[in-house]
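The values are calculated or read from the model by the stated rules, or taken from the named source; none is laboratory data. This structure is a prediction, so every number in the text was calculated from the model and none was measured. Neighbour counts run over all protein chains shown; Cβ positions are idealised from the backbone, glycine included. Remember, those area values only see protein heavy atoms, side chains included, never the ligands or the DNA or RNA. Shrake-Rupley method; radii C 1.70, N 1.55, O 1.52, S 1.80 Å.
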Amino acid sequence: DARRRGIRQPRYAGMRRWLDILFWSVIAAAFIGPGTVTTCASAGSRFGLHLMWALTFSTIACFVLQEGSARVTIATGLDLGGAIRRRFRGRRTGPVVLLLVLGGILLGCAAYEAGNILGAVAGAELGLPLPGRAVTLACGGAAALLLWFGRTQLVARVLGGAVALMGIAFLAVAVRLKPQPGDLLRHALLPALPDDSGLLVLGLIGTTVVPYNLFLGSGLARGQSLVSARIGLAVAIPAGGLMSMAVLVVGTAVPGPLEFEGLAGALADRLGAWAAPLFASGLFIAGLSSAITAPLAAAVTARGLFGADRPGAWEERGWRYRAVWIPVLLVGVASALAGASPIPAILAAQALNGMLLPFVAVFLFILINDRDLMGASGRNGTAANVLMSAVIFVTLLLGARMSLGAFASALGLGPPGAGVILAVSLLAAALVVAPLMLRLCRRAHSRRGDLTGKPGNE
């Protein structure tokens, strides 16, 4: 028996690792949607390979933040929303914090939902001569029915598998384009910000490190071990990042401003005529699946923030739960019915979520360094804190660049210089990150004093 167990154990362990990878691949599938296709292809079409570094950065940032949110759930048994509620419960600022977090996530989900519905409609119109309003109402109705009756997760996973086929097609075309390995490596590692590229860089980050995915990912971690979560995320997230890079490479083959027709043509030229309908159906399916997950994420976040102590009042068929996802879905449907142009709307949604990312990352930073919440072994180490601080700083830098540019344009001034942008970003980072780090250092120093029996300042 012992010999048999010795033979079978490695096989079981290997199978278990594959199951972990498949389980966490939901995170990668969640950010491969119309927003990723549109943003990455636009970056390639307009700037060639010069913005590839943003996908490298955002893939690393996605792993750092998703691993942190998973660790919060594994250590506390609460999803990210519930952990935020516990951390700030009983404080005077607690209700304000909860409302700010919910407001930010709702805003991001509503923006994503508009892009999701528009992307689904664009895919349907690309494949078949269907009226856009009918497709919009059909997509909205299908998502509403699935959300209303609580049958969303299985359907979203099945549709996510279909989206993965489209990602593989992009990867095959990217290989056939034969980009120079040296160029790929240089642009993947060396940051560059060509003129008018700030919005796209924010979009590339926002479409990969989706803020609401941190809340969904923390829910997936419930009942998982930290080792299995890390293994699954370490494979699934780079795989998603690789697919995003492939889309960017394919975008370089589309001349002029990006159009979905041109992207379908680039696929058909390299793979055959069958690739165009594959892209159209993949874009439609990606939009439909994401149209389900964005409202679902908003409702799950609200339940974690306000319903942790009353799970029965926030069940999936309860009015509170439905009162969150219904407005998010309606925003998407209304945007499509209003005739919004899909590509600009999708790019704006990704950029908005890129600007919301440091806001969510700061709360995760606070939670994961709280000894009372996480325990001594669950907290961030020095390396993890440095990485998370870098994510916050870079996203603040890009957000400051966009905000200052918009402000200067509104006043009729010239674009701000690099020194001004850097100074504002450093000030914002100092105001956000420095107080948190000082507080952590003081708490650690105080606890060392408690352990040694000496005052902390000795």
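Sub-7 Å Cβ pairs linking a first residue in the range 70-83 that is open to solvent by less than 20 Å² (accessible area, probe 1.4 Å) to a second residue that is among the aromatic types (Phe, Trp, Tyr), at least 6 apart or interchain, are Leu80/Phe215; Gly81/Phe215, ordered by first then second residue.
Looking only at the range 98-118, residues that are open to solvent by less than 40 Å² (accessible area, probe 1.4 Å) and either free of Cβ contacts under 8 Å to residues at least 60 places away in the same chain or touching a Leu at 6+ places or on another chain (Cβ under 6 Å) (or both) come to 6 in all.
The combined condition, being under 22 Å from the mean Cα position of the chain (by Cα), modelled with pLDDT of 85 or more, over 30 Å from Arg322 (Cα atoms) and among the small types (Gly, Ala, Ser), is not fulfilled by Ala174. Looking for something aliphatic (A, V, I, L, M) and either without any contact (Cβ under 8 Å) to a residue 24 or more places away in the chain or touching a strand residue (DSSP E or B) at 6+ places or on another chain (Cβ under 6 Å) (or both) - is there at least one such residue anywhere in the range 220-236? Looking through the range 220-236, at least one residue is aliphatic (A, V, I, L, M) and either without any contact (Cβ under 8 Å) to a residue 24 or more places away in the chain or touching a strand residue (DSSP E or B) at 6+ places or on another chain (Cβ under 6 Å) (or both).
Residue-wise test of (1) in a loop (DSSP other than H, G, I, E, B); (2) open to solvent by less than 50 Å² (accessible area, probe 1.4 Å); (3) of a type in the set (D, E, K, R); (4) at pLDDT 85 or above.
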site: Arg186; (1), (2), (3), (4): no, no, yes, yes
site: Ala192; (1), (2), (3), (4): yes, yes, no, yes
site: Val201; (1), (2), (3), (4): no, yes, no, yes
site: Leu204; (1), (2), (3), (4): no, yes, no, yes
site: Tyr212; (1), (2), (3), (4): no, yes, no, no
site: Gly223; (1), (2), (3), (4): yes, no, no, no
site: Ala234; (1), (2), (3), (4): no, no, no, yes
site: Met243; (1), (2), (3), (4): no, yes, no, yes
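Please determine, by comparing only the residues of the range 253-291 that are assigned to a loop (DSSP other than H, G, I, E, B) and small (Gly, Ala, Ser), which one is most open to solvent (accessible area, probe 1.4 Å). Taking the candidates together, the pick is Ala273.
Which condition does Ala323 not pass, out of (1) in contact (Cβ under 8 Å) with a residue 12 or more places away in the chain; (2) more than 24 Å from Val209 (Cα to Cα); (3) not polar (S, T, N, Q), if it passes all the others? The number of the failed condition is (1).
Report whether or not Pro295 is closer than 23 Å to Leu118 by Cβ and over 25 Å from the mean Cα position of the chain (by Cα). For Pro295, the condition - closer than 23 Å to Leu118 by Cβ and over 25 Å from the mean Cα position of the chain (by Cα) - is not met. Against the definition (part of a helix (DSSP H, G or I), open to solvent by 90 Å² or more (accessible area, probe 1.4 Å), farther than 25 Å from Ile292 by Cβ and at pLDDT 90 or above), how does Leu137 come out, yes or no? Criteria not met by Leu137.
Scanning the range 44-63 for residues that are hydrophobic (A, V, I, L, M, F, W, C) and open to solvent by 10 Å² or more (accessible area, probe 1.4 Å) returns Phe47, Leu49, Trp53, Phe57, Ile60, Phe63.
State whether one or more residues within the range 331-352 are in contact (Cβ under 8 Å) with a residue 40 or more places away in the chain, within 13 Å of Ala114 (Cβ to Cβ), surrounded by 20 or more Cβ atoms within 10 Å (Cβ to Cβ) and touching a Lys or Arg at 6+ places or on another chain (Cβ under 9 Å). Looking through the range 331-352, at least one residue is in contact (Cβ under 8 Å) with a residue 40 or more places away in the chain, within 13 Å of Ala114 (Cβ to Cβ), surrounded by 20 or more Cβ atoms within 10 Å (Cβ to Cβ) and touching a Lys or Arg at 6+ places or on another chain (Cβ under 9 Å). Suppose the filter is over 30 Å from Ala124 (Cβ atoms) and not in a loop (DSSP other than H, G, I, E, B); does Arg303 pass it? Considered against the rule, which asks whether it is over 30 Å from Ala124 (Cβ atoms) and not in a loop (DSSP other than H, G, I, E, B), Arg303 comes out as yes. Looking across Thr73, Thr59, Thr93, one residue alone is within 30 Å of Gly304 (Cβ to Cβ) and modelled with pLDDT under 85. It is Thr93.
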